[in-house]
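Q: Sharing a structure below in structure tokens format, with a few things to ask.
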Amino acid sequence: MNGLLEQKLYSHLNFLYPDHDTEQLAGRIIKAFWPGSGRPKKEPSKPSYDFWSECDSMVITYGDSILDPKKKAHPLMILDEFLNKYLEGTINWVHVLPFFPYSSDDGFAVKDYMVVREDLGDWNDIAKLGKDFSVMADLVINHVSAQSEWFTHFKTGKKPETDYFVTASLSDDLSGVVRPRPSDLLCPVETVDGIKHVWCTFGHDQVDLNFKNPDVLIEMIKIMRHYINNNVRVFRLDAVGFLWKIIGTSCINLPQTHEIIRLLRTLVDFDKRDIVLITETNLPNNENLSYFGNKNEAHVIYNFSFPPLITHALLSGQARYLRRWMMTMPPAQIGTTYLNFTASHDGIGLRPAEGLLPEEEINKMIGTIQGFGGEVSMRKGRDGQLKPYEINVSLFDAMKGTFTGKDRSQERRFLASQTIMMALEGIPAFYIHSLFATHNDYEKFDETGQKRSINRHQWDSDELKGYLKAEDNVHYRVFEEIKRLLKIRVKQPAFHPNATQFTLHLGAGLFGFWRESVDRQQSIFCITNLTKKTKKLPLYEINVYGGQCWVDLISGHEYCNNEDIVDLKPYQSVWITNTISSVGDD
């Protein structure tokens, strides 16, 4: 046995399960994560800058976001072939959203964690994808489908699942429980032992698991090993902030939840493969940041506040709130980083804007995007009132105009959002529909009745490939420009996810920051005009030191006089660097 590993597990388990046999539990966990002839390392992995580099970026996609109209291949195979052909040299991480049998929520009500949906492919397809890319899979850890075998066994009294789910009484004080949905928290369910009220944070088809029972934790650990064996390298811990329940509390971000993540981090740190944990905590900024722990919880956290702030900045034409947030963001410590994104399968979350955007600015953003065809999903606050939870919209269509109405700058405004995201400290992640400038899918929305469907279009692969061959359409132009920028990005040491970042104080309507490589050899000044008017940028305002020429990596324009004034066109971005040899090739 590994004495150091056991010692660390004892510490976690004594806190989580003080009434259980710690030594026995630790042995079961080790056996679950390293079954058969598997063995942990003698020493855990140390935090390092080498976990990632400027070459890393991610695409977020459903397994069937691209479909073969002739049905000659599984969607997962089509996805692998498409990514290899069209994104070679640009994107090397792939987040395949839940690919398991499910009953609702487009995959997040999992019926069986150990099976790949037949209509998508099989584990061989996931393993193949994992040989070509770093694959991220969802560990939907907080809840399972009400149609799962586990929950069926719970209702029929079959052990061990009788204690796999959280139940409560209608008389319990649940007034402080934080909810992302407006549905009733407790769902009455007929069981062999009578009516039980089961806990459903996300809706009555998604039943919360009982992690006070260590058997549930061990089941999840077995599932993780199965995924690792099929070349999954990155785990997205879905809705993990809601994991542990204590009556009378908010039931979010509890100490036991953080301890579970620390335990999982201990396991992956001792594994012989480089495994990355990402926490999905769609929460106010300070709560989200807590999931780094002391470099002993998540390797990566989502920059959840960025999507609503960058959207607001481009709709309003001013950087005040985005810049203020950037100034308060701590640099990620060695061995940790941020995952930056502008759009996701869920939409633009609004909870992460709490405390960062005034309510009147949030309402203005909501009203503007509704005018561009977007929808709004609600949650129930502690006072029982419904509050906006997220804006459901294609990000491309959210950029149809500004607070003053629609205009002709949609494409440039959208590309500005992607260019800023690519330059931020962390790893850039593109929702697949951002790559293609996909529009709102009203047919899918009408078909499902689910607001999130508006941003979950499924492309016919032949139709998509046709667009990407023709130069006279927006899908081609956006896709090619993002790829061009990524090919530039991968050559810049100052874009390492842990390279230094400082926020710049610029004139009205300009947003910018300075990146400096870990070895301090390269600087890049990343500046964007957020407005529909040309703005002047004096180079002396950004400390472009004299004695050498600087170059804009995006346009190739050189600046050899720090007294130069750059005219920034509407929504234009520049990446001005001192390392001329770093200009990317087309």
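The values are calculated or read from the model by the stated rules, or taken from the named source; none is laboratory data. Computed from a predicted model, the values in this text were never measured in an experiment. Backbone-built Cβ (ideal geometry, glycine too); neighbour counts: all protein chains shown.
Q: Between R413, R452, which is touching a helix residue (DSSP H, G or I) at 6+ places or on another chain (Cβ under 6 Å) and either of a type in the set (K, R) or not in a helix (DSSP H, G or I) (or both)?
A: Residue meeting the stated conditions: R413.
Q: Kindly check whether there is at least one residue in the stretch 427-441 that is modelled with pLDDT of 95 or more, more than 21 Å from the chain's Cα centre (by Cα) and of a type in the set (D, E, K, R).
A: Yes, there is a match, as at least one residue in the stretch 427-441 is modelled with pLDDT of 95 or more, more than 21 Å from the chain's Cα centre (by Cα) and of a type in the set (D, E, K, R).
Q: Just give me the residues in the stretch 536-550 being at pLDDT below 85 and either within 23 Å of Q418 (Cβ to Cβ) or of a type in the set (V, I, T) (or both), in sequence order.
A: If the condition is that a residue be at pLDDT below 85 and either within 23 Å of Q418 (Cβ to Cβ) or of a type in the set (V, I, T) (or both), then V544 is the only one that fits.
Q: Test of understanding: among R484, R452, R477, R379, which residue is surrounded by fewer than 21 Cβ atoms within 10 Å (Cβ to Cβ) and modelled with pLDDT under 95?
A: Working: R484 fails: modelled with pLDDT under 95; R452 fails: modelled with pLDDT under 95; R477 fails: modelled with pLDDT under 95.
R379 is the lone residue from the list that is surrounded by fewer than 21 Cβ atoms within 10 Å (Cβ to Cβ) and modelled with pLDDT under 95.
Q: While we're on this one: Tell me, which helices (runs of 4 or more DSSP H) wholly within the stretch 1-114 include 1 or more residues that are under 30 Å from K487 (Cα atoms), out of contact with any Gly (no Cβ under 9 Å at 6 or more places or on another chain) and not aliphatic (A, V, I, L, M)?
A: Filter on the stretch 1-114 gives 75-86.
Q: Can you tell me which of (1) without any contact (Cβ under 8 Å) to a residue 40 or more places away in the chain; (2) under 21 Å from K131 (Cβ atoms) is the one K71 doesn't meet?
A: Of everything listed in (1) without any contact (Cβ under 8 Å) to a residue 40 or more places away in the chain; (2) under 21 Å from K131 (Cβ atoms), K71 misses just condition (2).
Q: So for the stretch 151-170 (the condition being within 24 Å of T279 (Cα to Cα) and surrounded by fewer than 19 Cβ atoms within 10 Å (Cβ to Cβ)), does at least one residue qualify?
A: Looking through the stretch 151-170, none of the residues is within 24 Å of T279 (Cα to Cα) and surrounded by fewer than 19 Cβ atoms within 10 Å (Cβ to Cβ).
Q: I've got another one for you. Determine which member of the set Q521, Q501, Q548 is under 26 Å from I91 (Cα atoms) and part of a loop (DSSP other than H, G, I, E, B).
A: Q521
The rows are residues; the columns are (1) outside the structural domain of A319 (by TED's automatic domain parsing); (2) over 28 Å from the mean Cα position of the chain (by Cα); (3) within 15 Å of T419 (Cα to Cα); (4) at pLDDT 95 or above.
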{"site": "R515", "(1), (2), (3), (4)": "yes, no, yes, yes"}
{"site": "R520", "(1), (2), (3), (4)": "yes, yes, no, no"}
{"site": "C526", "(1), (2), (3), (4)": "yes, no, yes, yes"}
{"site": "D552", "(1), (2), (3), (4)": "yes, yes, yes, yes"}
{"site": "S555", "(1), (2), (3), (4)": "yes, yes, yes, yes"}
{"site": "Y559", "(1), (2), (3), (4)": "yes, yes, no, no"}
{"site": "K569", "(1), (2), (3), (4)": "yes, yes, yes, yes"}
{"site": "Q572", "(1), (2), (3), (4)": "yes, no, yes, yes"}
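Q: While we're on this one: Within the stretch 455-469, is there a residue that is within 23 Å of Y86 (Cα to Cα), at pLDDT 95 or above, among the hydroxyl-bearing types (S, T, Y) and assigned to a loop (DSSP other than H, G, I, E, B)?
A: The answer is no; no qualifying residue exists.
Q: Consider K400 carefully, then state whether it is free of Cβ contacts under 8 Å to residues at least 40 places away in the same chain and buried (at least 18 other Cβ atoms within 10 Å of the Cβ).
A: yes
Q: Which of the residues spanning the stretch 283-327 are closer than 13 Å to N340 by Cα and either under 13 Å from the mean Cα position of the chain (by Cα) or polar (S, T, N, Q) (or both)?
A: V300, I301, Y302, N303, F304, S305, F306, P307
Q: Mind checking which residues of the stretch 355-400 are aliphatic (A, V, I, L, M) and assigned to a helix (DSSP H, G or I)?
A: I362, M365, I366, I369, L395, A398 - these are the residues of the stretch 355-400 that are aliphatic (A, V, I, L, M) and assigned to a helix (DSSP H, G or I).
Q: I need the full set of residues from the stretch 290-329 which are surrounded by fewer than 24 Cβ atoms within 10 Å (Cβ to Cβ) and of a type in the set (S, T, Y), in order please.
A: Hits for the stretch 290-329 are S290, S316, Y321, T328.
Q: Here's a check for you: in the stretch 163-188, which residue that is among the aliphatic types (A, V, I, L, M) and free of Cβ contacts under 8 Å to residues at least 40 places away in the same chain is nearest to L386 (Cα to Cα)?
A: L185
Q: Could you tell me how many of the residues in the stretch 73-90 are surrounded by fewer than 21 Cβ atoms within 10 Å (Cβ to Cβ), more than 16 Å from L464 (Cβ to Cβ) and modelled with pLDDT under 95?
A: Total satisfying the criteria: 2.
Q: Can you report the number of residues in the stretch 318-353 which are among the hydrophobic types (A, V, I, L, M, F, W, C) and part of a helix (DSSP H, G or I)? Spell out the reasoning first.
A: Filtering the stretch 318-353 down to residues among the hydrophobic types (A, V, I, L, M, F, W, C) leaves 319, 322, 325-327, 329, 332, 334, 339, 341, 343, 348, 350, 353.
From the residues that got through so far, the ones that are part of a helix (DSSP H, G or I) too are 322, 325-327, 353.
Counting residues in the stretch 318-353 that are among the hydrophobic types (A, V, I, L, M, F, W, C) and part of a helix (DSSP H, G or I) gives 5.
Q: Hey, another quick one. Go through the stretch 507-518 and report how many residues are in a loop (DSSP other than H, G, I, E, B) and closer than 13 Å to L322 by Cα. So that I can check it myself, show each step before the final result.
A: Of all residues in the stretch 507-518, those in a loop (DSSP other than H, G, I, E, B) come to 507-509, 517-518.
Next cut, closer than 13 Å to L322 by Cα only: 508-509.
Of the residues in that region, 2 qualify.
Q: On the given criteria, is I247 of a type in the set (A, V, I, L, M), closer than 30 Å to Q7 by Cβ and modelled with pLDDT of 95 or more?
A: Here the answer is no, as I247 does not meet what is asked.
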